[in-house]
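Reading through the structure tokens given below for one structure.
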Amino acid sequence: MISGALEIIRGVEAGLVNPLLLPASQGPEKFGYIVIAYDDSPGVFDILFLRGDHVEEYAGLYHELRILQNEHAVRMSLAACSMRCRVYLFSVSRRGFDRFLRTFHCVPSVNVVIDRLSRKQLSALLAGTECKNGILEIDRPSSPFPEITLTPFASAEDLQSEALRCREGRMIVYDLELNALIRQHVDEIIGNPAPEKGDHETSPPAAPPASAGGDPEGGTPGEEPDEGAAGGEDDQGSPGGVPLADLFRNALMDFLAAVAALYGTRLDQRVNHVLSHYYPSPGPFDPSLVGTENAVAVLGVIEEGVKRAWMYNRRKLRERAAEIVRNLYDANHGTLQSHGVDRAV
């Protein structure tokens, strides 16, 4: 399936080899993929990225669409098909593992079927992207799943040379430099401060509107409102003098800071997807979207964000999230009650 991967298990029925139990049997120094192919859904595959004996990431290939997901989603898919699916296990080098996983965290600059493109058309298309450092992916039809070839390139000339060798299949180009800039820009917009201390101790925010990030082991964030936070003009005051939107906005920013401290930028795509679901916007998430009328939606973001986090450090993130919500309730119960949202918290 993936270039450079060695097939270890081929198409065994899930009733004989449970794909969710298989990772525990793998060696601590191994890298690989578990691929689940559903009997009744050709072109639909779930991929479990194995690092040692645990799953680092859950992903899905649905025809031309690829997504990141979680263990719960895979369990639901297995239950929905009554385990009528086949399990494949591949071993791969760490470099190959990291390269394939990285593509699920990138926005492609090119995603096109090249079968009917002339060399001149393809060359012009690639030149227009101005990509100089990235990954070239070619997906060719094959059974039972597509043959995926991943090739790194370090210049526009390398990209042209490698791409023009291919005459069929789907071509996807990932510009790593562009994606790094996108992630950096999103971090700046949502205010994810980099932790200043190795043990994630409480520290003041680098810039508004984020409130002080808390210590995952029990530190308590400050409760004063951030004067620089952009609250909507319709924010209602509260008995304590702190607008309801500011309370929830600060709780959200504390949670995003905890995500950044525990995972860096590796959860960007998942967190951004959650934010866009609860706070739809034509552009990147802006903290000012949290207003009085939708402040309680922050609780949904926090809950869903924990669910979508990797198992690694998920317990710490869950504990920090519970602490943030508990502090929100304990320190501002009167305000929450006056707005009728204390029960929701």
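The values are calculated or read from the model by the stated rules, or taken from the named source; none is laboratory data. Predicted model, so just to flag it, every value in this text is computed and none were measured. Don't worry about glycine lacking a Cβ; one is built from the backbone with ideal geometry, like all the others, and counts go over all protein chains shown. The protein model used for the area step is the full one, side chains on, heavy atoms only, and it has no ligands, DNA or RNA in it. Shrake-Rupley method; radii C 1.70, N 1.55, O 1.52, S 1.80 Å.
Just wondering, is there one or more residues in region 330-344 that are under 17 Å from the mean Cα position of the chain (by Cα) and buried (at least 18 other Cβ atoms within 10 Å of the Cβ)?
Checked against the condition, which is being under 17 Å from the mean Cα position of the chain (by Cα) and buried (at least 18 other Cβ atoms within 10 Å of the Cβ), region 330-344 yields no hits at all.
Tell me which of these Leu159 doesn't satisfy, since it passes every other one: (1) touching a Ser or Thr at 6+ places or on another chain (Cβ under 9 Å); (2) in a strand (DSSP E or B).
(2)
Let me spell it out: the conditions are (1) under 18 Å from Leu68 (Cβ atoms); (2) modelled with pLDDT of 80 or more; (3) not acidic (Asp, Glu), and Tyr312 meets all of them except one. Which number is the exception?
(2)
Search region 145-173 for residues that are over 25 Å from Tyr33 (Cα atoms) and pair each with any residue that is open to solvent by less than 20 Å² (accessible area, probe 1.4 Å) and of a type in the set (Phe, Trp, Tyr) when their beta-carbon atoms are under 8 Å apart and the residues are at least 6 apart or on different chains.
Leu159/Phe153; Glu162/Phe153
Taking Gly96 as the residue in question, decide whether it is in contact with a Ser or Thr (Cβ under 8 Å, 6 or more places away or on another chain), over 24 Å from Lys307 (Cα atoms) and not in a loop (DSSP other than H, G, I, E, B).
yes
Looking only at region 274-283, which residues are more than 15 Å from the chain's Cα centre (by Cα) and not aromatic (Phe, Trp, Tyr)?
Taking region 274-283 first, the residues more than 15 Å from the chain's Cα centre (by Cα) are 278-283.
Matches in region 274-283: Pro280, Ser281, Pro282, Gly283.
For Val271, which of the numbered conditions (1) over 13 Å from the mean Cα position of the chain (by Cα); (2) crowded, with 18+ Cβ neighbours inside 10 Å; (3) among the aliphatic types (A, V, I, L, M) fails to hold?
Failing condition for Val271: (1).
I'd like to verify a number: residues in region 39-72 that are open to solvent by 30 Å² or more (accessible area, probe 1.4 Å) and small (Gly, Ala, Ser), how many?
Counting residues in region 39-72 that are open to solvent by 30 Å² or more (accessible area, probe 1.4 Å) and small (Gly, Ala, Ser) gives 1.
Within region 91-104, is there a residue that is open to solvent by 60 Å² or more (accessible area, probe 1.4 Å), of a type in the set (S, T, N, Q) and modelled with pLDDT of 90 or more?
Checking region 91-104: at least one residue is open to solvent by 60 Å² or more (accessible area, probe 1.4 Å), of a type in the set (S, T, N, Q) and modelled with pLDDT of 90 or more.
So, Glu7, is that one open to solvent by 40 Å² or more (accessible area, probe 1.4 Å) and assigned to a strand (DSSP E or B) or not?
yes
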